[in-house]
Amino acid sequence: MPLNEFSLIREYFSALGESPGVALGVGDDCALLEVAAGQQLAVTVDTLVAGVHFPLNAAAGDVACRALRVNLSDLAAMGAKPRWFTLALTLPEADENWLAAFSAALAEEARTFHCALVGGDTTAGPLTISIQMMGEVPSGQALTRYGAHAEDWIYVTGSLGEGAAALQLFTPGCELSGVVRENLAQRFYRPRPRLAEGLKLRGYASAAVDISDGLLADLGHIAESSGLGAEVQLAQLPLAPWLEEVGPLEQAQVWALSGGDDYELCFTVPAEQRQAVDAMIAADDLSATCIGRMTAAPGVYCLDADGIRVTIPETGYQHF
């Protein structure tokens, strides 16, 4: 018997909604959720379109992992703890093998990151996945883009450039070693949302954003929202050593600055909190690197080792 909207949801997604705080989950017109006292609800949504945000022939499980994790990265940037999500799924056809693989991977990811599916929608059309993610953060403790001050230090978590470099995987004729191909595929389909880091930065970071469109573009959001500028030291950019196999240093820097898809955190730290943040880094409690400072003068610039401004042709991914 062919699947209809309701049998599809019942078969593949109804079991993903068991979680504390869910008074009513998948299957009704709305979910009913219970937010703990003293908590604020952080809500974000991202849409992934086949052929734009992932290859048309991408495996269903890979698509599920990418779709959930890029949303979790937004919660990390706010210092929020994941709780629930909704899924709007547009399908060219009700392919049961694809749905089984997609829902199994989504269920595994939901267990890994302690969040539950509480509703959504399905419809026919070009393959599109929209996930709305909800999390909790103690009232008044959320990290935002608005709190930076001039002379605050700029940090980024992890390493940069692999997300954009991963597009080489889909370039015909590109020759890469098996290890590098696996590293790039992991960064593209399973970026690590920096949730633990976001929680640790509450009370230390003055502003934060996740790096989805490129470091310069996303740091620019902090600068614009805070009425400031920023200077980034090129030599301080954290780059994975194995990126040298994918492209030269200059190319790796461009990927790190404007390529996007890294889903690391960029955050600012006041001078009085820098010692505490650096202590966490030294103790391996926080994977982060200081790359520059916020400035009173507007504009986001890159500086070379001699302090000379370097022109970067593109500042980040453009959605239109």
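Descriptive notes on the structure:
- Computed from the alpha carbon positions, the gyration tensor of region 19-128 leads to an equivalent ellipsoid with semi-axes of 25, 16, 12 Å, biggest first.
- Taking θ as phi - 60° and the Karplus parameters 6.51, -1.76 and 1.60, the scalar couplings of region 253-266 work out to 5, 5, 4, 5, 7, 9, x, x, 6, 7, 6, 8, 9, 10 Hz in sequence order, x denoting glycine and proline.
- Solvent-accessible area, 1.4 Å probe, carbon plus sulfur percent, for the chain: 52 percent
- Amide H contacts under 5 Å for A207, placed H, 5+ residues apart: T268
- Stretch gain in nm, segment E108-L56, where the contour uses 0.36 nm per residue and the Cα spacing is subtracted: 16.5 nm
- Comparing S130, S177, S287 in a Gaussian network model of the chain where C-alpha atoms under 10 Å apart are linked, the largest mean-square fluctuation is found at S177.
- Between the amide H of D152 and those of M294, distances stay under 5 Å, these residues lying 5 or more places away or on another chain, with hydrogens modeled in the peptide plane.
- Computed over region 80-128, the P(r) tail beyond 13 angstrom holds 63 percent of alpha carbon pairs.
- Over the chain, relative contact order from alpha-carbon pairs under 8 Å, at least 6 apart, %: 22 percent
- Helix runs (DSSP H) in the chain reaching 15 Å along axis by Cα, Kyte-Doolittle at least 1.0: none
- Computed [θ] at 222 nm, deg cm²/dmol, the chain (DSSP H ≥ 4; -39,500 (n - 2.57); rounded to nearest 500): -9000 deg cm²/dmol
- Region 114-183 - accessible surface per residue (Å², probe 1.4 Å): 43 Å²
- Kirkwood hydrodynamic radius over Cα pairs of the chain, then Stokes diffusion coefficient at 25 °C and 0.890 mPa s, in µm²/s: 119 µm²/s
- Prolate/oblate/rounded label for region 106-239 (Cα gyration tensor, a/c 1.5): oblate
- Entry comment: accessible area of region 206-314 is 43 Å² per residue, from protein heavy atoms only and a probe of 1.4 Å.
- Restricting the calculation to Cα atoms, region 174-320 shows an Rg/Rh of 0.96 when the hydrodynamic-style radius is the Kirkwood one.
The values are calculated or read from the model by the stated rules, or taken from the named source; none is laboratory data. A quick note: this is a predicted structure, and the numbers were derived from the prediction, not measured. Just so you know, the surface numbers come from the protein's heavy atoms only, side chains and all, with ligands and any DNA or RNA stripped out. Shrake-Rupley method; radii C 1.70, N 1.55, O 1.52, S 1.80 Å.
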